[in-house]
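Asks: Got a structure for you, written out below as structure tokens; questions coming shortly.
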Amino acid sequence: MSVSAKATRRGVLPGFGLTMGYSILYLSLVVLIPLAALLFNSTGLTFAKFWSVATDPRVLASYRVSLTTAAAAALVDGLLGLLLAWVLVRYRFPGKRIFDALIDLPFALPTAVAGVSLTALYSGNGWIGSLLEPLGIKVAFTPLGITLALMFIGIPFVVRTVQPVLEDLERDTEEAAATLGAGRWRIFRKVLLPELIPPLLTGFALAFARGIGEYGSVVFISGNMPMRTEIAPLLIMSKLEQYDYAGATAVALLLLLISFLMLLVINMLQRWTHKASR
Amino acid sequence: MRKGLKKGLLTGFALLLTAGLTACGNNSGAESGSSASTEPAAAGSAAPSAAASPAQSKEPVELLNVSYDPTRELYENYNKAFSAYWEKETGQKVTIKQSHGGSGKQSRAVLDGLEADVVTLALGYDIDALQTAGLINEGWQSKYEHNSSPYTSTIVFLVRKGNPKGIKDWPDLLKDGVEVITPNPKTSGGARWNYLAAWGYALDHNNNDEAKAQEFLKNLFTHVPVLDTGARGATTTFVERGIGDVLLAWENEAYLSVNELGKDKFDIVYPSESILAEPPVAVVDKVVDKKGTREVADAYLKYLYSEEGQKIAAENYYRPTLDSVKEEYKSKFPDIKLFTLADKFGTWQETQQKHFNDGGVFDQIYVPGK
């Protein structure tokens, strides 16, 4: 009884039925129906065909490349993003607003533009590449280059999930801990980190999932060498080029599945850490 | 809560239904509307008696030419020439819209419903796909002269000025320390022509031994440091990133690079033999029948074979097929030994199947132990 009372409680938006209806409508048009169409595309696919596509050595190699580079990029973004968010929340400095706005630019920039400019910078005769190559560090056309492109497109996810949590943290708690004799490292570990782990995990998961599916920025910097720097989304494109819709869908479905499992695990992990910190 | 949710679901479903219905309604409305507006033109083209009616009565018409990337400049010039010609001939105004992109991507767009009146693509394979889907009638390739390829091209080498590595012919690409730039045949139509050109050379110089040709290609691809997804991307890698010693490119792309980026930076090298690349054209039968644009679409492609059309192609570095224009531009297009796809490989379907489909020869070059 109390549950139904809650649902019919007057909210800001009129009519639960109507608002919920609209939500379902839009979710269907934008997300559910396209995903269903994807599944439908794979109906021409027998399990045997699916399996042979999924276990093809080139496909497997591309999954390995996509997963490892996306994970590495998301990890680096986690650390870097925490640092960026910290600086933005806790310090005042000239140009802070501009700095803050810059963080979102990777969201707005067409990824192909990012890929082209990163390649121009990091290839052998680019500004940065020409400095690194004499040291024996090749960036463009190696997995390192892919990681770099994925770091670029993933960084806003981490900053924008960690930032609001940091802003909400009361400085009183840290000050209280300090007056009780805790050192800076201890305060970070015992007071800040437990609060920051859930948003960091979310940021990591988002950056990781985005990285797995990223195409535009990576095809330029990866060099697309089969078995070495060929990413899974490129294989989807090359299957489409053969008008092999079913095969392309098979690779895509597997990618989706991996991303979904990954998000699910991180969600569960997050709940668990949240409970543990309470 | 549950009641509310149920209500929500119902509302969502109802909204979806209405949206779907109105969409259908609009659609059919638009269809009948458009067919009504094109009816006079269609009737005019079908009945010879109507053609005698005053020229002004012909409604302006719009064509969509779906093409691939490097033909942009060519068709910009050609469209102007054709609409002038057509208006003079028939009194009908024609506007031509262009669409450019990767050849396969463009073909898929037409497959998915982009209403192209004509397609002018890089490979017969991409038009075959439209035929399989029933958009184009069978036998399209014999509808126009020269396998429906009004202009041709070939694959040449672009090297750095002065040709420091001394690259003259295909075997020079396999020399130690030579880096070759070519896009990925799995994603680029141009790259398929590159690959086939090398394969054809290798066959000719190894008594048609396929195993040796495959060995040649395998060796060649160990010299490729980057596989871009398209021809323009590979040109950028070579020209702007300064990677590689030689770029395998369409003849017209090579000319464009040299003209735009400076004759002091690059040289074009013609190998002893190469492939005759035939980018084909076709009318999309299903679309022109629906829109009633068959007559003008057909004329649009035929005029490519006229003297004016051929000259525009030649000016844009495509090899003309008309003898008189060929003669005029002789100095521009060196006469090297050219073999066709049919000479060495058969149809596009067979070639694609054998070389570029999953598990084909190109995959075997890269996957160990196969």
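Conditions (1) open to solvent by less than 30 Å² (accessible area, probe 1.4 Å); (2) farther than 23 Å from A:Tyr215 by Cα; (3) of a type outside the set (Gly, Ala, Ser); (4) more than 14 Å from chain B (Cβ to nearest Cβ), marked per residue:
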{"site": "A:Arg90", "(1), (2), (3), (4)": "no, yes, yes, yes"}
{"site": "A:Phe93", "(1), (2), (3), (4)": "no, yes, yes, yes"}
{"site": "A:Ile98", "(1), (2), (3), (4)": "no, yes, yes, yes"}
{"site": "A:Ile103", "(1), (2), (3), (4)": "yes, no, yes, yes"}
{"site": "A:Thr119", "(1), (2), (3), (4)": "yes, no, yes, no"}
{"site": "A:Gly136", "(1), (2), (3), (4)": "no, yes, no, yes"}
{"site": "A:Met151", "(1), (2), (3), (4)": "no, no, yes, yes"}
{"site": "A:Arg160", "(1), (2), (3), (4)": "no, no, yes, yes"}
{"site": "A:Gln163", "(1), (2), (3), (4)": "yes, yes, yes, yes"}
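Asks: Which residue out of B:Val269, B:Val258 is surrounded by fewer than 22 Cβ atoms within 10 Å (Cβ to Cβ) and either at pLDDT below 95 or in contact with a Cys (Cβ under 7 Å, 6 or more places away or on another chain) (or both)?
Replies: B:Val258
Asks: Does the range B:159-174 contain any residue that is open to solvent by 10 Å² or more (accessible area, probe 1.4 Å), in contact with a helix residue (DSSP H, G or I) (Cβ under 6 Å, 6 or more places away or on another chain) and polar (S, T, N, Q)?
Replies: no
Asks: Something else about it: Touching a Pro at 6+ places or on another chain (Cβ under 7 Å), small (Gly, Ala, Ser) and more than 14 Å from chain B (Cβ to nearest Cβ): which single residue out of A:Gly183, A:Gly213 fits that description?
Replies: A:Gly213
Asks: Just to check your reading of the model, which residue among A:Ser222, A:Ser238, A:Ser217 is free of Cβ contacts under 8 Å to residues at least 40 places away in the same chain, open to solvent by less than 30 Å² (accessible area, probe 1.4 Å) and hydroxyl-bearing (Ser, Thr, Tyr)?
Replies: Selected residue: A:Ser238, the only one of A:Ser222, A:Ser238, A:Ser217 that is free of Cβ contacts under 8 Å to residues at least 40 places away in the same chain, open to solvent by less than 30 Å² (accessible area, probe 1.4 Å) and hydroxyl-bearing (Ser, Thr, Tyr).
Asks: To continue, here is another question. Just need a number here: residues in the range B:109-148 that are open to solvent by less than 70 Å² (accessible area, probe 1.4 Å) and without any contact (Cβ under 8 Å) to a residue 12 or more places away in the chain.
Replies: Matching residues across the range B:109-148 total 3.
Asks: Still on this model: Where residues in the range A:23-46 are farther than 20 Å from A:Gln242 by Cα and not aliphatic (A, V, I, L, M), which of them is most open to solvent (accessible area, probe 1.4 Å)?
Replies: Step by step, filter the range A:23-46, then rank; the result is A:Tyr26.
Asks: Cβ-Cβ under 8 Å, sequence separation 6+ or interchain: first residue in the range B:210-229 and closer than 17 Å to B:Pro171 by Cα, partner open to solvent by 30 Å² or more (accessible area, probe 1.4 Å) and of a type in the set (A, V, I, L, M, F, W, C). Which pairs?
Replies: That search, which allows pairs on different chains as well, returns B:Phe216/B:Leu174; B:Asn219/B:Leu174; B:Leu220/B:Leu174; B:His223/B:Leu174.
Asks: Restricting attention to the range B:192-229, which residues are open to solvent by 50 Å² or more (accessible area, probe 1.4 Å) and not hydrophobic (A, V, I, L, M, F, W, C)?
Replies: B:Asp204, B:His205, B:Asn207, B:Asn208, B:Asp209, B:Glu210, B:Lys212, B:Gln214, B:Glu215, B:Lys218, B:Asn219, B:Thr222
Asks: Filter the range B:286-340 for residues that are over 22 Å from B:Gln92 (Cα atoms), touching a strand residue (DSSP E or B) at 6+ places or on another chain (Cβ under 7 Å) and aliphatic (A, V, I, L, M) and give the result.
Replies: B:Ala313, B:Ala314, B:Ile336, B:Leu338, listed by residue number.
Asks: Then there's this: Residue by residue through the range B:144-153, note down the ones that are within 16 Å of B:Asp126 (Cβ to Cβ) and in contact with a strand residue (DSSP E or B) (Cβ under 8 Å, 6 or more places away or on another chain).
Replies: B:Ser148, B:Ser149, B:Ser153
Asks: Would you check which residues across the range B:112-135 are assigned to a loop (DSSP other than H, G, I, E, B) and closer than 22 Å to B:Lys302 by Cα and list them?
Replies: Selection gives B:Glu115, B:Ala116, B:Asp117, B:Leu121, B:Ala122, B:Leu123, B:Leu135.
Asks: I would also like to ask the following. Please state which of the following conditions B:Val281 fails to meet, knowing it meets all the rest: (1) open to solvent by 10 Å² or more (accessible area, probe 1.4 Å); (2) at pLDDT 95 or above.
Replies: Every condition holds for B:Val281 apart from (1).
Here is a yes/no grid of residues against (1) modelled with pLDDT of 95 or more; (2) more than 30 Å from B:Gly233 (Cα to Cα); (3) not assigned by TED's automatic domain parsing to the domain that holds A:Phe141:
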position	(1), (2), (3)
A:Leu80	yes, yes, no
A:Trp86	no, yes, no
A:Tyr91	no, yes, no
A:Asp100	no, yes, no
A:Leu105	no, no, no
A:Thr111	no, no, no
A:Ala114	no, no, no
A:Ser117	no, no, no
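The values are calculated or read from the model by the stated rules, or taken from the named source; none is laboratory data. On a predicted model such as this, the values are computed, not experimentally measured, just so you know. We place every Cβ from the backbone using ideal geometry, glycine too, and count neighbours over all the protein chains shown. All accessible areas refer to the heavy atoms of the entire protein, side chains included, with ligands and DNA or RNA removed. Shrake-Rupley method; radii C 1.70, N 1.55, O 1.52, S 1.80 Å.
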